[in-house]
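Have a look at the structure below before the remarks.
The values are calculated or read from the model by the stated rules, or taken from the named source; none is laboratory data. Owing to the predicted nature of the structure, the values given are computational and were not obtained by experimental measurement. Reconstructed Cβ throughout: ideal geometry from the backbone, glycine too, with neighbour counts over all protein chains shown. These accessible areas exclude ligands, DNA and RNA; they are computed on the full protein's heavy atoms, side chains included. Shrake-Rupley method; radii C 1.70, N 1.55, O 1.52, S 1.80 Å.
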Amino acid sequence: QVQLVESGGGLVQPGGSLRLSCVVSGTIFALADMAWYRQAPGDERELVARIARGGTTNYADSVKGRFTISRDNAEHTVSLQMNSLKPEDTAVYYCNAAVLFRTYWGQGTQVTVSS
């Protein structure tokens, strides 16, 4: 059984930083392309950053230069370092794993950027 568990969300002031982590149970991690998505109220879920199983990364234009995605295959963990946070980054952030034509989601963690 595959489970994705996110942590690290919270309330931060504009310009601040947060680090999100997602631990993946099961045996799929090394084969999976991992990603972070986010969804703000009233908006569709959007891709924030992706890291392929080989390590290649790509980012949404809105977060380039501010966010960094990384993975630790030994710990079955994918992380999202978020710097220079803006109010428009406020959303529920979801961890995603794509492997063998299947997709798995975490339960989401709230990130709120506000003064």
- Task: Can you give me the three principal axis dimensions of the chain from its C-alpha atoms, in Å, biggest first?
- Result: 41, 25, 23
- Task: With a cut-off of at most 14 other beta carbons within 10 Å, and DSSP calling the residue loop, which trypsin sites (Lys or Arg not before Pro) in region 41-115 qualify? Please list them.
- Result: K64
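Tell me, what is the percent relative contact order of the chain, built from C-alpha pairs under 8 Å that lie six or more residues apart?
It rounds to 37 percent for the chain.
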- Subtract the Cα-Cα distance of Q1 and S25 from 0.36 nm times their separation in residues, and report this length gain in nm to one decimal. 7.9 nm
- Message: At 1.4 Å probe size, with the rest of the protein present, what percent of the exposed accessible area of region 33-115 is carbon and sulfur atoms?
- Response: 45 percent
- Give the long-range amide H neighbours of T90: residues separated by 5 or more places, or on another chain, with amide H under 5 Å away, using H modelled in the peptide plane at 1.01 Å from N. V113
- Message: I want to check the label-to-label distance for D43 and S62. Put each point 7 Å from Cα in the C-beta direction and report it in nm to one decimal.
- Response: 0.2 nm
- Query: Taking a probe of 1.4 Å, how large is the accessible area per residue of region 29-115, in Å²?
  - Reply: 53 Å²
- Note on the structure: When the chain is treated as a Gaussian network with springs between alpha carbons less than 10 Å apart, the largest mean-square fluctuation among P41, P14, P87 is found at P41
- Message: Test of the criteria: in region 45-94, which GluC sites (Glu not before Pro) are in a DSSP loop and have at most 16 other Cβ atoms within 10 angstrom of their Cβ?
- Response: E75
